[in-house]
Amino acid sequence: MIRFVILLLVALTLLMTSACERTVVSRTGVSVDTRAYYTAYQKNPTSPWRQINFNNRSYTLETQSFTVDKPTDPYAVVFVCPSKRRDVPHQVFVYYATAAEMTLLDFGCKKPPADIVKKPLYGKIGGVTLADLEDPQAGELVHLALSSTDSLTALEAYAAKVPVGQRDVVAFKGKQIASANVVIKPEAFVIAREVSSLSEASERVDVAFGSALGGYSADFDPANESSVAITGVNAGEDFSAEVSFLSTNKSLLKLVQTKQQSFQFTPVPLDEFTGADLGGFFNSNEFYPGEGHELSVTVGSADGQIEREVRKFFTVSNAATHKLHLPRAIDFSPTLSLQSITQFQKMSMAWPEYEDIAAGKTQLYRWVFDGTAAQVSGEKQPDPIISQVRWYVHATPGWLNLVSETAGNLSLTLPVKYDVDVVRDGENVDVWPDDWSFRAATTVDWTFSVFSSDEQGDSGAIVEYLLNRNIVENYTFTQVYRRSSDSPP
């Protein structure tokens, strides 16, 4: 009898344990870091949109995390960056994904270039040999990068106007190669990190080759000269390639620019990052987190538009060979259908799946729409009136395959507003201004692009580069484009 009771208790325990195990749900978290004016998310295509923020005029950072039941469950997030200038459109960024493909979105609205406050930045350059009459070939030139877009060639000093904020000053020196353009063969490298303040006052930052006083400096090592081999270029195409160094604070130093499909370059003389924290700093001779080389290859069309490209990111390159293959062009025509819904334009897209085995797995589709902003209803009109709007719509293959009705053929219908049934304090509210949407019965210009990669990493690695120019070590991705415009029937 005692044995029977014990066996019964054991059996009941096993049943209870089994039942508990069956009811455990493993959820996947999605994190959204946003400085946008407006942010909302949708946990699945049938649930209401829920706000993360609205009227974020100071663009302060807000973080929202939510969970989905399974990594393959679809979710969506939208960010809005309203315009304050008549010549700049409202911008809406939309992301449709699954947690298996993207678990983090780090978004911040960027100011138009004309609205960015600039300051004078200048300084002396030490350790440069100037040309003289007796030996003109001994003279050296310096190429400096002060931001992602500000660079110049100098000798003993430099002066420029750059955006206010923290930055890195990066440079190399070398002798000029005989060329119609100023081409410098890199011989020595210097980087002065985190040198600029938030003040708008002019600032002096000296750099010096061969000295620790003006930042970390080292000679390029010819033994590390690496090669690039590019395939997939068709005869007569407008082709270009470049290798650059991207610093932590996004100063872009171009090392090589060429139209050759096979070429050599010498990588910057920094060592692999070890992670040694020296009181908030790292070893100056190492790549800092987020720093690395960008190798980019582009093929353009006759009208100057980029049609195909491939990018690779890496840090050290010790006599390495980098082989890149351009993706195949899009050989189908995506379709955009327009429908008037009251004063707004509703857009539906359809296209077949893109596949290029050589480029790797398709990671992301993107549509960029440009058109006329809808008129704002009511007596109170915005000041200024913004007449244009641009939407960047991103969708992952996992999300599209869940919502598309036909296998191999993808489709997506966009709402005219992204706050339908937004819930605030238990009530549905409408906080989407009309001019963030497209006006009915107007033409819409569009660019359709596909991103692919055969490297480890999800769609989020591509989105992080597109949004913040953050790079993933040893990651390669390709992009192909198709452009057109459509008018309502």
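Divide by every residue of the chain the summed helix terms, -39500 (n - 2.57) for each DSSP H run of at least 4, and state the resulting mean residue ellipticity at 222 nm, rounded to the nearest 500 deg cm²/dmol.
Values: 3 runs with 39 residues, N = 489.
Rounded to the nearest 500, the figure is -2500 deg cm²/dmol.
Run the reach check for K161 against lysines, Cα to Cα strictly under 25 Å, same-chain hits fewer than 8 apart removed. What comes back?
Reachable lysines: K84, K110, K111, K118, K119, K124, K173, K250, K254.
Would you mind computing, in nm to one decimal, how far apart the modelled labels at T28 and T72 are, each placed 7 Å from Cα along Cα→Cβ?
So the two model labels end up 1.0 nm from each other.
What residues have an amide H closer than 5 Å to that of F344, excluding those fewer than 5 places away on the same chain, when H is modeled at 1.01 Å from N in the peptide plane?
Under 5 Å from the amide H of F344: A440.
Pop the C-beta distance of D383 and K361 into the FRET formula with R0 = 60 Å and round what comes out to the nearest 0.05.
0.80
Would you indicate which of (i) 33.6; (ii) 38.4; (iii) 26.4 is the value of mean projected area of the Cα convex hull in nm² derived from the coordinates of this structure?
It is the one labelled (i).
Give the calculated FRET efficiency between A329 and I177 to the nearest 0.05, with a Förster radius of 30 Å applied to their Cβ-Cβ distance.
0.35
Give the lysines reachable from K70 as a straight Cα distance under 29 Å; neighbours fewer than 8 places away on the same chain don't count.
Once the sequence-local lysines are set aside, what remains near K70 is K43, K361, K417.
Identify the residues of segment 138-158 with backbone N under 20 Å of a label point that sits 7 angstrom from the Cα of R483 along the Cα-to-Cβ direction, or state none.
So the set is empty, nothing qualifies.
Tell me, in nm to one decimal, what length is gained between A131 and E156 on full extension, where the rule is 0.36 nm per residue of separation less the Cα-Cα distance? Intermediate results must be reported in sequence, preceding the final value.
Numbers: separation 25, 0.36 × 25 = 9.00 nm, distance 1.17 nm.
Gain on extension, A131 to E156, equals 7.8 nm.
For the ranges 380-393, 79-92, what's the packing order if you count other beta-carbon atoms within 10 Å of each residue, average per peptide, and put the highest first?
Order by mean packing, descending: 79-92, 380-393.
Give the distance, in whole Å, between the Cα centre of segment 228-256 and the Cα centre of segment 73-131.
Taking the Cα centre of segment 73-131 as reference, the centre of segment 228-256 is 21 Å away.
Rule-based calculations on the coordinates, nothing more; no lab input. Quick caveat, the model's predicted, so the values are computed rather than measured. Backbone-built Cβ (ideal geometry, glycine too); neighbour counts: all protein chains shown.
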